[in-house]
Amino acid sequence: MCQRSIDSSKNSALKLGVVVRESYLRSRFSVFEGVMDYCLENTGLKAFLIPLQEGYGPAPDALAEVAGVVTWVAPSDGEWVLPLWERGVPVVSCNNAFTGQVPTVSAGQPYELAYQYLLSLQRQTIGFVTRPEIDEECRVRFKGRIDSDEREARIFKGVRKDPGRFPEHLLAGTDEHELERFLVSLPKPAALWCIHDEMAALVWRKAEELGISVPDELALLGMGDHPCAVHSTPGISTVRIPGIQLGQAAARLLHGHLFGSTMLTRDLTFHTEQKALLVERLSTGGSNPINRGIQRAWRLLENYPAEGLTVDCLIEKSRASRATFYKEFERAFNMSPGKAIRLFRTKKAKEHLLSTDLPISQIGRLCGFSGESDFSNFFKRETAQTPKEWRRSRQLDDSSCSDGDERI
């Protein structure tokens, strides 16, 4: 049982380290975003990303600076995760690699969901495409399950450059001769599960170059529902993992533990309300690619304009009917357009409050509000604090840190 806790009378901000293996960084950055969002909403917490290079654990001096650790790492990382927990450092895992060994936040069983879906496609040959450094345990489990179901298992781990780490490889894709030979040699029709969506996008491109029909001859399933891959190849079927919700839940557990309101135990598994979800698109015979117009609307949200946004603005940008827009937007992003506008409007306001000394009234105008009172009422509804209270609490955090952080 982990015993480390915090004396809440101390004023210094607590630092939460988010440890993500470098090979997962692009695909699981949303976990860090979730931890960061939680810290922004709770005075006295700060989040720091600690990426891991292949073959190495986190730097001891980095771990010494944090009060607790959130992880998304591989089963092989147990050689440092488990000793860290045993030394009394609070650890919460956001995948199922260490369930029963350290506290875990779970969004269900995404790998089992993917596997069962592959079986439902009724292809005699089922394959798995990855690269040597990722998920050896997953490959072993995958092959064993396929063989036991009397299907032919094909595992390919020879991709030369992981497009998840090097997105430009989706454009170039050169020197992948072994992958091309693998695709040609597959008995057809086949189904391939790829370690993440960028890998599925690369495989789809290679299949097209070789004249292999997707999905008739080759069905493709990705993992993660990543924006980069979805934008470049909108038709990828995938398993959506709620990374932001996982990160928020992990930070909440650590926060409660550090302040003594909850106790983390190694057998604790917290199940998020939002679960991993299978999204069926063109690459496996579905008919639900993310509409390009919906992507344009989302980009407009990300670059939230000073004059503000309405749902009508997003609909106009998408060039879709109102009914189609609502249906496609909620299916693609798992939230309503109105909620997305509030989310990005609040995010922009926080950025101005945190990084500038502008008056509250001026920040309100930059976020599309007609007056300071309208801005303050909106911000308090979304964050439970007025803009002045929120800014003051962050300034107090910064001043207490500059006076000298105390290690736990």
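The values are calculated or read from the model by the stated rules, or taken from the named source; none is laboratory data. Fair warning: this is a prediction, and the values are worked out from it, not measured in the lab. When we count neighbours, we look across all protein chains shown, and the Cβ atoms used for this are built from the backbone with ideal geometry, even at glycine. These accessible areas exclude ligands, DNA and RNA; they are computed on the full protein's heavy atoms, side chains included. Shrake-Rupley method; radii C 1.70, N 1.55, O 1.52, S 1.80 Å.
Kindly evaluate His231 against the criterion of being open to solvent by 50 Å² or more (accessible area, probe 1.4 Å), touching a residue at least 60 places away in the same chain (Cβ under 8 Å), under 25 Å from Arg165 (Cβ atoms) and touching a helix residue (DSSP H, G or I) at 6+ places or on another chain (Cβ under 7 Å). Judged against the criteria, His231 is a match.
Looking only at residues in region 32-61 that are closer than 21 Å to Leu253 by Cα and touching a Phe, Trp or Tyr at 6+ places or on another chain (Cβ under 8 Å), which one is most open to solvent (accessible area, probe 1.4 Å)?
Leu49
Of all the numbered requirements in (1) assigned to a strand (DSSP E or B); (2) open to solvent by 60 Å² or more (accessible area, probe 1.4 Å), Phe166 misses one, and that requirement is (1).
Can you name the residue in region 267-316 that is touching a residue at least 60 places away in the same chain (Cβ under 8 Å) and hydroxyl-bearing (Ser, Thr, Tyr) and, of all such residues, is farthest from Leu82 (Cα to Cα)? By that ranking, first place goes to Tyr304. Only residues that are touching a Ser or Thr at 6+ places or on another chain (Cβ under 6 Å), under 20 Å from Glu152 (Cβ atoms) and hydrophobic (A, V, I, L, M, F, W, C) were counted in region 187-223, giving 6. In the set Lys350, Lys317, Lys339, only one residue is open to solvent by 80 Å² or more (accessible area, probe 1.4 Å), part of a helix (DSSP H, G or I), under 22 Å from Ile244 (Cα atoms) and of a type outside the set (Ser, Thr, Tyr); that residue is Lys339. Looking across region 260-297 at every residue that is part of a helix (DSSP H, G or I) and open to solvent by 60 Å² or more (accessible area, probe 1.4 Å), the one that is modelled with the highest pLDDT is identified as Leu282.
Taking the conditions exactly as written (in contact with a Lys or Arg (Cβ under 6 Å, 6 or more places away or on another chain) and within 26 Å of Ala200 (Cβ to Cβ)), does Arg240 satisfy them or not? Working first, answer last.
Numbers: in contact with a Lys or Arg (Cβ under 6 Å, 6 or more places away or on another chain): no; within 26 Å of Ala200 (Cβ to Cβ): yes.
No.
Among the residues of this structure, Leu253 does not count as one that is within 26 Å of Phe48 (Cβ to Cβ), part of a loop (DSSP other than H, G, I, E, B) and either more than 18 Å from the chain's Cα centre (by Cα) or modelled with pLDDT of 90 or more (or both).
Yes or no, residue by residue, for (1) farther than 21 Å from Gln124 by Cβ; (2) modelled with pLDDT of 90 or more:
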| site | (1), (2) |
| --- | --- |
| Cys194 | no, yes |
| Glu208 | yes, yes |
| Val214 | no, yes |
| Glu217 | no, yes |
| Leu221 | no, yes |
| Pro234 | yes, no |
